[in-house]
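Data first, discussion second: the structure below is written as C-alpha cells.
The values are calculated or read from the model by the stated rules, or taken from the named source; none is laboratory data. As the structure is a computational prediction, the values presented were derived from the model and not from experiment. Ideal geometry is used to build each Cβ from the backbone, glycine not excepted, and the neighbour counts take in all protein chains shown. Side chains are part of the model used for accessible areas, which takes the heavy atoms of the whole protein and leaves out ligands, DNA and RNA. Shrake-Rupley method; radii C 1.70, N 1.55, O 1.52, S 1.80 Å.
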Amino acid sequence: MLYIKNGTIIDPVRDILYEADLQIEEGKISRIIEKGKVLEKELPDKAQVIDGEGLLIAPGLADTHVHFRDPGFTYKEDIDTGAAAAVKGGFTQIVLMANTKPPVDNTETLSYVLGKGRKTGIHIASCANVTYGMAGKELVNMEELANGGAAGFTDDGIPLMDEGLVKQAMEQAKKLDKPISFHEEDPALITNNGVNAGKAAAFYQIGGSPREAEIGLVKRDLELALQTGAEVVIQHISSKEAVELVRQAKAKGAHVHAEATPHHFTLTEDVVIEKGTLAKMNPPLREEEDRMAIIEGLKDGTIDLIATDHAPHSREEKERTITEAPSGIIGLETALSLGIKELVEKGHLSYGKLIHAMSTAPCRLYGLSGGRIEEGAAADLVLFSPKESWTVSEFASKSSNSPFIGQELPGVIHYTICDGNIVYHK
C-alpha cells in the first residue's frame, strides 16, 4: 500500500484544487480521503507513506507526440533513455511517432517498440505510419496495425501531399476509431526548413519556411476532416492563421484536435537568432502574434493538446550549420515547468486547465488509462512543488538539444508514480 498525505490534488476534469490524502493499492487509487479524516496510525505497518506537504498532485502527464528514435537512431535516444526522460518530466503515458528505421509501417516493428516499452515501468504506446516507407504513395494495412496495437496513425516528419490518399486514410482511421495526425508543411513553399521566413531567415540570409506552408495544408485537412468525420490531429501548430482555421472547423463540427508545443507557446524566432540550431525546429518558431494566438487557442479550447514533439539529436548533428543541422529539440523534462511559467503564472490557464491539456485530453483522445484522479482510477500521478525552481542543465535523455539550457524554471517534480509504483523520486 502507498499512502500520500498532506497534498493538494489537481482535478483537471472539474478544474479544481482540493486537499486530500490518497490511498493506493494494487495499482489503483483505492480511497480519496478528505484531509484530516484518516490518521496515519490507522495504516498497515507495511504501508509506504509519502508526505505531500507543499506539493500539487496531478494525474501523470501524457505526451502524444514523442520521438524515441528506436529502432534505427539509438545514438540519439532509445526507449529506455526516453522513458527515463519521461518520468523525470512527470510523464506516465507516451505515444511514439513512427518515423524510425525501419519505420512503423509493419506489425513486426510495432511489436518490437511496444514490447520494449512494456519493460520501462511506464505506459508507452506507438502510432503506426499512414504510408509504407513514409513515401506518401501507398496506405499501410491500417486495420492490421490497429489490431496489432497501434494507438493512431501518422507520417509525422513528412507531410502527405496526395489529397485523395489523405482522404482515404482519414476514412480508414474513422472506421478503425483511431486518431490520425498530420505534419502540416508544404515542402514546395519552403526554401530552408526549421527557420521562419522572416526576421530569423533574414539574419541567416536564407529563404526559410513561410507560414503559408502550414496554412495551406491545415486548410485542406480540416476540410477533409469535416467530410470524413475522422478524429484528426493538427500537429505542432505554429501560426495564428492555422489556429483560427482550427477554431472555425471546430465550430462547424469537425472532430479536429490541435497540438501546441511548449516551445511554440514560449519562444519566438528571436531565439533562433540567439541560440542558432538549438532553436531550429519544424515547423519553425514564428512571431509574437503567433505565440499569443497559440496561447489564446489553449485558453478557449481551440488547441486541446500540449505535446512536446520531443526530438533528440546528437551534439555533432546540432553543431552543423543552420541549413545543415536537423530540426527539433528535446522537451519531456522541461514541459511541465514551461507550462507553469508561461501559462499558469502569467494567468492564462489554471492548473486544472494546464493538466487537462497535458493529461486528460490526450488520454481521452488515444483511449489511454489515466488523466483523472478518482477512486478506482489508475494510480498514475505526478507530485511537484510549484514554488520551487530549478536550472535546466543535465538531462536524463541521451541528448541535450534544448534552447532552455541555463534557464531557471518553476515547478520541481518530486515523484512520478505509475500503476502505483514510484518510477521517479527527486
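Among the residues of region 107-116 satisfying the criterion of being closer than 19 Å to Ser181 by Cβ and in contact with a helix residue (DSSP H, G or I) (Cβ under 9 Å, 6 or more places away or on another chain), which is surrounded by the most Cβ atoms within 10 Å (Cβ to Cβ)? Ranking the qualifying residues of region 107-116, first place goes to Val113. A search for C-beta distances below 6 Å between a residue of region 372-389 that is basic (Lys, Arg) and any residue that is in a strand (DSSP E or B), counting only pairs 6+ apart in sequence or on different chains, returns Arg372/Pro59.
Counting just the residues of region 214-236 that are crowded, with 18+ Cβ neighbours inside 10 Å and of a type in the set (Asp, Glu), which one comes out farthest from Gln168 (Cα to Cα)? Residue satisfying both the conditions and the ranking: Glu214. Evaluate the following for His236: is it touching a helix residue (DSSP H, G or I) at 6+ places or on another chain (Cβ under 7 Å) and on the phi > 0 side of the Ramachandran plot? The answer is yes for His236. Between Pro103, Pro71, Pro59, the distinction of being more than 24 Å from Asp380 (Cβ to Cβ) and crowded, with 19+ Cβ neighbours inside 10 Å belongs to Pro103 only. Note on region 375-412: among residues that are under 26 Å from Thr154 (Cα atoms) and out of contact with any Pro (no Cβ under 7 Å at 6 or more places or on another chain), the one that is most open to solvent (accessible area, probe 1.4 Å) is Ser400. Being farther than 19 Å from Ser359 by Cα and assigned to a loop (DSSP other than H, G, I, E, B) is a description that applies to Thr323.
To keep it simple, each residue is scored yes or no on (1) touching a helix residue (DSSP H, G or I) at 6+ places or on another chain (Cβ under 7 Å); (2) within 21 Å of Pro386 (Cβ to Cβ); (3) without any contact (Cβ under 8 Å) to a residue 40 or more places away in the chain.
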position	(1), (2), (3)
Asp11	yes, yes, no
Ala20	no, yes, yes
Gly27	no, no, no
Ile50	no, yes, no
Leu55	no, yes, no
Ala62	yes, yes, no
Asp70	yes, no, no
Gly89	yes, yes, no
Met97	no, no, no
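Does region 367-374 include one or more residues that are open to solvent by 20 Å² or more (accessible area, probe 1.4 Å) and either over 22 Å from His310 (Cβ atoms) or over 17 Å from the mean Cα position of the chain (by Cα) (or both)? Checked against the condition, which is being open to solvent by 20 Å² or more (accessible area, probe 1.4 Å) and either over 22 Å from His310 (Cβ atoms) or over 17 Å from the mean Cα position of the chain (by Cα) (or both), region 367-374 yields at least one hit. Scanning region 157-178 for residues that are touching a residue at least 60 places away in the same chain (Cβ under 8 Å), over 16 Å from Asp105 (Cα atoms) and surrounded by 15 or more Cβ atoms within 10 Å (Cβ to Cβ) turns up Lys167, Met170.
Anything in region 374-426 that is in a loop (DSSP other than H, G, I, E, B) and farther than 30 Å from Arg320 by Cβ? List them, or say none.
Within region 374-426, Glu374, Glu375, Gly376, Ala377, Ala379, Asp380, Asp419, Gly420, Lys426 meet the criteria.
Could you tell me whether Tyr132 is hydroxyl-bearing (Ser, Thr, Tyr), surrounded by fewer than 19 Cβ atoms within 10 Å (Cβ to Cβ) and closer than 19 Å to Ser327 by Cα? Considered against the rule, which asks whether it is hydroxyl-bearing (Ser, Thr, Tyr), surrounded by fewer than 19 Cβ atoms within 10 Å (Cβ to Cβ) and closer than 19 Å to Ser327 by Cα, Tyr132 comes out as no.
Each residue in region 288-320 was checked for being closer than 21 Å to Glu333 by Cα, among the polar types (S, T, N, Q) and buried (at least 24 other Cβ atoms within 10 Å of the Cβ), and 1 pass. Of the residues in region 241-253, at least one is in contact with a strand residue (DSSP E or B) (Cβ under 6 Å, 6 or more places away or on another chain) and either closer than 21 Å to Ala188 by Cα or among the small types (Gly, Ala, Ser) (or both). Of all the residues in region 237-279, those that are within 22 Å of Ala201 (Cβ to Cβ), open to solvent by less than 10 Å² (accessible area, probe 1.4 Å) and β-branched (Val, Ile, Thr) number 4.
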